[in-house]
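Data first, discussion second: the structure below is written as structure tokens.
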Amino acid sequence: MPAESSGTRRNLLIVDDHGPTLRALTARFEHADYRVMPATNASIALGHLNEMKPDVALLDINMPGLDGFKLASELQRKVPDCKCFFISASKSQAQLEKAASMNLPILEKPFDGRELLAALESAHG
């Protein structure tokens, strides 16, 4: 099912410092009719907020500089309606607890494309 909602495309922010993952996710969601804003770090991601407000965000947890948790906090402050999801190649107990305290899910790499799309679609009914 495309990401159409009342005739409008959803804006998706994807932040991952791993280029191949970022490119694959960007292609996957552009194909699903999302307007994708890819970023390799939190600074670039926050800069995108001047251009477009995301409806949904996929945030890598482990990044140099501002990590995914701090970025999620900033996004929730600046774009309160944005639904954030963390993405990670591995989940530590500390990460699970931190994500739970923020009431945000962690999606583990590698992804099943259909399941990932379904998770994002469910964020907006």
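The values are calculated or read from the model by the stated rules, or taken from the named source; none is laboratory data. Treat the numbers as computed from the prediction; the structure is a model and nothing was measured. Cβ: placed from backbone, ideal geometry, glycine included. Neighbour counts: every protein chain shown. When the accessible area is computed, the model is the full protein with side chains, heavy atoms only, and any ligands, DNA or RNA have been set aside. Shrake-Rupley method; radii C 1.70, N 1.55, O 1.52, S 1.80 Å.
Some notes on this structure:
- Within region 102-125, if we keep just the residues that are out of contact with any Phe, Trp or Tyr (no Cβ under 9 Å at 6 or more places or on another chain) and part of a loop (DSSP other than H, G, I, E, B), the residue that is surrounded by the most Cβ atoms within 10 Å (Cβ to Cβ) turns out to be 111.
- Filter result (under 20 Å from residue 34 (Cα atoms), assigned to a loop (DSSP other than H, G, I, E, B) and without any contact (Cβ under 8 Å) to a residue 60 or more places away in the chain) within region 67-101: 79, 80, 81
- One residue stands out among those in region 73-101 that are closer than 22 Å to residue 48 by Cβ and either of a type in the set (Asp, Glu) or open to solvent by 40 Å² or more (accessible area, probe 1.4 Å) (or both): the one that is nearest to the chain's Cα centre (by Cα), which is 83.
- Output for region 37-62, where each listed residue is touching a strand residue (DSSP E or B) at 6+ places or on another chain (Cβ under 9 Å) and open to solvent by 20 Å² or more (accessible area, probe 1.4 Å): 38, 40, 41, 44, 46, 47, 48, 51, 52, 53, 55, 62
- Residue count for region 6-26, restricted to those that are out of contact with any helix residue (DSSP H, G or I) (no Cβ under 7 Å at 6 or more places or on another chain) and within 21 Å of residue 106 (Cα to Cα): 12.
- Residue 114 falls short on exactly one of the conditions (1) under 25 Å from residue 8 (Cα atoms); (2) in contact with a Leu (Cβ under 9 Å, 6 or more places away or on another chain), and that condition is (2).
- Hits in region 23-36 (condition: in contact (Cβ under 8 Å) with a residue 24 or more places away in the chain, open to solvent by 60 Å² or more (accessible area, probe 1.4 Å) and closer than 22 Å to residue 89 by Cβ): 28
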